[in-house]
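> One structure follows; several queries about it will come next.
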Amino acid sequence: MIELENVNKRFMKKSALQDVSLELTKGKIIGLVGENGSGKSTTLKLIAGLVHPSKGSVKVNGNPVDRRIASQVSYLSELDDYYGFYNVGQTIDFFAEQFADFNKEKAEEIRAFMKLDPDAKLKQLSKGNRGRLKIVLTLAREVPVILMDEPLSGLDPMVRDSIVKGLISFIDLEHQIVLITTHEIKEIETILDEVIAIRDGRIIGHHNVEQLRIEENQGIVEWMTSIYDREIH
Amino acid sequence: MNAFASLTKKELRMGMPVFLVPIIIFIVAVAAAAFFGGRSGVAAEAIAAVSVAAVTMQIFYLIYYLNFSLKAEKKKLHLWLHNPLPGYSMLLAKLSAGLISMLATLLITGVTLIISAQSAGFITHLQNDFNLTNIGFFSGLHVVLIAIDLSIYFVFFYMIYLLFNRYFGGFLSFCSTFVLFGVSTYLWGKFSETAIHRSLTSWGEIELNGFVFNRKFENNGFEFFTEFDTVHVFLGSYLFETIIVFILFFAASWMLDRKVEV
Amino acid sequence: MTDTFHSSTPIYSQLTERINKQILRGELKPGDKLPSVREMGLKVNVNPNTVQRTYRELEGMMIVESRRGQGTFVTENQSILQEMRERLKQEEISQFVASMHEMGYDNEEIETGLQSYLTKDKEDTE
């Protein structure tokens, strides 16, 4: 469903990704983990068609990707600015009109679940509530690919919990694939099917999480520590 | 509402302050003109002068409008670009919003001009000599056409600016774009002096006789004026400019879809 | 039910164990309906795929049965439940014994130790 083939990405002199190949199939929640600046965000942006590979190819459902892959990809940015002149309800309406696959009833359900006031002004929304709104807008689409860049970062535990619960409740795992970047692994460890570790722009491991526990008797954190150590030595 | 209409509505909403500022400035200027002109008994003339200036300046209206709009999006490109609509629709939504705002502004400044001109003393002399309806229509139309024309050049160079932004900082990108703009204007100027350019544009001449003047000129001794009274319009130059603008517009859309990065 | 999972064993087997224990304790009775996959996922913060796997596992052990369109139910077959009760007991004991052996105790020591512990336990509760 998502295919990266020998992808390199350079920004000026800095190399963000090197020779990344990935094949991800639907029906899974996949965690992309690594330190800050390791290339997690760039990977998501490449799949969303918001940046373009310097070398190699990126495909979603067999189609080469550019910006307009937005019709098949729902992308949650780590940034959270929306149009300040709209309130929560109007922002949801705007998204519903922009994306043909946007399910307004589902959006309403998620909004209620997240306890967001539809009349709240965007400018006055707390960071936590902006994080929740992002979840509403991203998950309300009946779209094959969902990409979430640091959905939990900088939010307090209550919000993080509501977001994790939102993911469990509203992702349609029969039809969707979800790729989440995070450096807060503990929080979402139990909802991941697969984990991909990335370091300095290279993929250094890709595992089924349950398999990891069966074969190596390790959770994600222990596994990460062990492969990061191995890389250094 | 379909996606394009909803996007245009968003652009209008986003451009609301940009729409209001010139109108407020115009109202203040008209008030000032009325006050200072009124002291010398030429209030209507002063307002008319302000209105003429305001209407003329609107050839830059869309550049002004789009500059604001695109700058606002540049701060949240991930939001603007994450949209299934093709680039031309996204740019067209901005242009449409700009054009709606411009026509509304043009209506306000234009109507003020007509009303003030009609109560101005000199209008009767002018009306005797000139066909003001023709001139007004011709100028108004061209203000809009030139504004659209310039705005597309602007959008084209703005997309290049966004591309440069991936590689250099904001200031350096601006400078590079500006230099590129200067060089291409210079080269274009050179090209427009060539015979090829002339053969591309100088065809389909339409002569609009008696377009400018109302006064009937006798044949004796007024040949100079008769010559002057004919407006030469070349269909070729309009078509040529239209084609250039289309090419630039689609190049800009292509860059937006394929090259611009968050 | 919301306490965390430890990371060294698969979540699906930890969840299977939890449900088994709930049945043993009688919190889930024969014929009771289990929460839907999504509800269960929400309850314990676990990926629905993992819950699905847990339910399949339990189904394989015939401890639960899924009825088309209705959901998943604890079996009413007492002999299977009895068998599970017995099996879990054996598992627990064998683990205990293995770790005692690891520490160097022999069977006799384990037996007497266990007996005196249980007697003391009985006296305490009396």
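What follows is calculated from the coordinates using simple rules that are stated; it is not laboratory data. None of the values given here were measured: they were computed from a predicted structure. Note: ideal-geometry Cβ built from the backbone for every residue, glycine included; neighbour counts use all protein chains shown.
> Filter C:Lys43/C:Lys89; A:Lys28/C:Lys43; A:Lys123/B:Lys71; A:Lys55/B:Lys259; A:Lys121/A:Lys186; A:Lys40/C:Lys43 down to the pairs with a C-alpha to C-alpha distance above 25 Å, please.
On the way: C:Lys43/C:Lys89 27 Å; A:Lys28/C:Lys43 19 Å; A:Lys123/B:Lys71 19 Å; A:Lys55/B:Lys259 14 Å; A:Lys121/A:Lys186 33 Å; A:Lys40/C:Lys43 30 Å.
Pairs exceeding the cut-off: C:Lys43/C:Lys89; A:Lys121/A:Lys186; A:Lys40/C:Lys43.
> Suppose R0 equals 41 Å; then what is the FRET efficiency for B:Ile196 and A:Ser54 from their Cβ-Cβ distance, rounded to the nearest 0.05?
The pair B:Ile196/A:Ser54 has a calculated efficiency of 0.60.
> Counting helices only, and only those DSSP H runs with n ≥ 4, report the 222 nm mean residue ellipticity of chain C as the sum of -39,500 (n - 2.57) divided by its residues, in deg cm²/dmol to the nearest 500.
Computed ellipticity for chain C at 222 nm equals -20500 deg cm²/dmol.
> When you look at the Cβ of every residue in A:215-225, what mean number of other chain Cβ atoms sits within 10 Å?
Mean inter-chain Cβ contacts per residue within 10 Å come to 2.
> Shifting gears a bit: Report, by chain and number, residues whose modeled amide H sits under 5 Å from the one on C:Val64, excluding near sequence neighbours (fewer than 5 apart, same chain).
C:Glu59, C:Thr75
> How far is the Cα center of the range A:5-27 from the Cα center of the range A:164-214, in Å?
Using only Cα atoms, the two centres lie 18 Å from each other.
> Take the alpha carbon atoms of the range B:70-94, find their center, do the same for the range A:52-112, and report the distance between the two centers in whole angstrom.
So the separation of the two Cα centres works out to 13 Å.
> Computed from the mean reciprocal separation of all distinct C-alpha pairs, what Kirkwood hydrodynamic radius does chain C have, in Å?
16.7 Å
> Sticking with this one: Describe numerically, in nm with one decimal, the distance between label points set 7 Å from Cα along Cα→Cβ at A:Ala120 and at B:Tyr88.
4.1 nm
> What is the dipole size for the protein assembly as shown, taken about its Cα centre, with +1 at each Lys and Arg Cβ and -1 at each Asp and Glu Cβ, in debye to the nearest 20?
Details: 62 positive and 73 negative charges, 446 e Å.
Around 2140 debye, computed over the protein assembly as shown.
> Further, regarding this structure: Just need the relative contact order of the range A:157-233 here, percent rounded to a whole number, with Cα pairs under 8 Å and 6+ apart.
In percent, rounded to a whole number, it is 20.
> Follow-up question, since we're still on this one. Among C:Pro48, C:Asn20, C:Val64, whose Cα sits farthest toward the positive end of the charge dipole of the range C:11-76 (+1 at Cβ of Lys/Arg, -1 at Cβ of Asp/Glu, about the Cα centre)?
Farthest towards the positive end: C:Pro48.
> Would you kindly compute the Cα radius of gyration of chain A and its largest Cα-Cα separation (Dmax), both in Å?
17.5, 55
> If each of C:Thr112 and A:Leu79 carries a label point 7 Å out from its Cα toward its Cβ, how far apart are those two points in nm?
Distance between label points: 7.6 nm.
> Another one. How large is log10 I(q)/I(0) at q = 0.28 Å⁻¹ when the Debye formula is applied to the Cα atoms of the range C:40-88, each weighted equally and without solvent?
Each listed q corresponds, in turn, to -1.04.
> Under a point-charge model restricted to the Cβ atoms of Lys and Arg (+1) and Asp and Glu (-1), what is the dipole moment magnitude of chain A relative to its Cα centre, in debye to the nearest 20?
Here the size comes out at about 820 debye.
> Under 20 °C and 1.002 mPa s, how fast does the protein assembly as shown diffuse according to Stokes-Einstein, given a Kirkwood radius computed over C-alpha pairs? Answer in µm²/s, whole number. Walk me through the intermediate numbers first.
Working: Rh = 30.3 Å.
The estimated diffusion coefficient comes to 71 µm²/s.
> Considering only the protein assembly as shown, what is the antiparallel percent among its DSSP beta bridges, to the nearest 5? Present the calculation step by step, with values, prior to reporting the outcome.
Details: 32 of 50 bridges.
The antiparallel proportion sits near 65 percent.
> Using only alpha carbon pairs under 8 Å that are at least six residues apart, calculate the relative contact order of chain B and give it in whole percent.
Values: 246 pairs, mean separation 60.7, N = 262.
Computed over chain B, the figure is 23 percent.
> Within 10 Å of each Cβ of C:42-54, how many other protein chain Cβ atoms are there on average? Intermediate results must be reported in sequence, preceding the final value.
Values: counts 5, 2, 2, 10, 4, 15, 10, 8, 7, 1, 1, 1, 0.
That average works out to 5.
> For chain A, what relative contact order do you get, as a whole percent, if you take Cα pairs closer than 8 Å and at least 6 residues apart?
26 percent
> For the range C:11-76, what number results from the quotient of the Cα radius of gyration and 2.2 N^0.38 Å?
0.99
> Rounding to the nearest 20 debye, state how big the charge dipole of the range C:1-93 is about its Cα centre with +1 on each Lys and Arg Cβ and -1 on each Asp and Glu Cβ. If you can, show how the numbers build up before the last one.
Values: 14 positive and 13 negative charges, 52 e Å.
Dipole about the Cα centre, nearest 20: 240 debye.
> How far apart, in nm, are the 7 Å Cα→Cβ label points at B:Phe174 and A:Arg202?
4.1 nm
> Let me ask something additional. Rounded to the nearest 0.05, what FRET efficiency do A:Asn63 and B:Ala32 give with R0 = 56 Å and r taken as the Cβ-Cβ distance? Could you check?
0.40
> Ok, one more. Under 20 °C and 1.002 mPa s, how fast does the range A:94-202 diffuse according to Stokes-Einstein, given a Kirkwood radius computed over C-alpha pairs? Answer in µm²/s, whole number.
Rounded to a whole number, D works out at 145 µm²/s.
> Which one of B:Ala195, C:Leu88, A:Ser169 is farthest out on the positive end of the charge dipole of the protein assembly as shown, using unit charges on Cβ (Lys, Arg +1; Asp, Glu -1) and the Cα centre as origin?
B:Ala195
> Could you please tell me the mean projected area of the C-alpha convex hull for the range C:79-125, averaged over all directions and given in square nanometres to one decimal?
Convex hull of Cα atoms, orientation-averaged projection: 4.2 nm².
> Something else: Using a Förster radius of 56 Å, what is the FRET efficiency between A:Asn36 and C:Glu27 based on their Cβ-Cβ separation? Nearest 0.05, please. Could you put the intermediate results ahead of the total?
Details: r = 44 Å, r/R0 = 0.79.
Plugging the Cβ-Cβ distance into 1/(1 + (r/R0)^6) gives 0.80.
> How large are Rg and Dmax for the range A:1-134 when calculated on the C-alpha trace, in angstrom?
17.0, 47
> Another question, if that's okay. Answer with one residue from A:Met12, A:Leu192, A:Ile110: the one whose Cα lies farthest towards the positive end of the charge dipole of the range A:2-232, charges on Cβ with Lys, Arg +1 and Asp, Glu -1.
A:Met12
> Now for a separate question. From zero outward in steps of 10 Å, how is the percent of C-alpha pairs of the range B:3-258 spread across the bins?
Histogramming the range B:3-258 at 10 Å steps yields 6, 23, 27, 25, 15, 4, 1, 0 percent.
> Enter the angle in degrees (range 0 to 90, nearest 10) between the Cα long axis of helix A:157-170 and the first principal axis of the Cα atoms of chain A, meaning the one along which they spread out most.
Rounded to the nearest ten degrees, it is 90.
> When the label point is put 7 Å from the Cα of A:Gln211 along its Cα-to-beta-carbon vector, which residues of the range C:4-22 have a backbone N closer than 20 Å?
What the label zone holds, given the 20 Å backbone N cut-off, is C:7-14.
> Still on this structure, I have one more. DSSP loop GluC sites (Glu not before Pro) in the range A:165-221 with at most 14 other Cβ atoms within 10 Å of their Cβ, which ones?
A:Glu174
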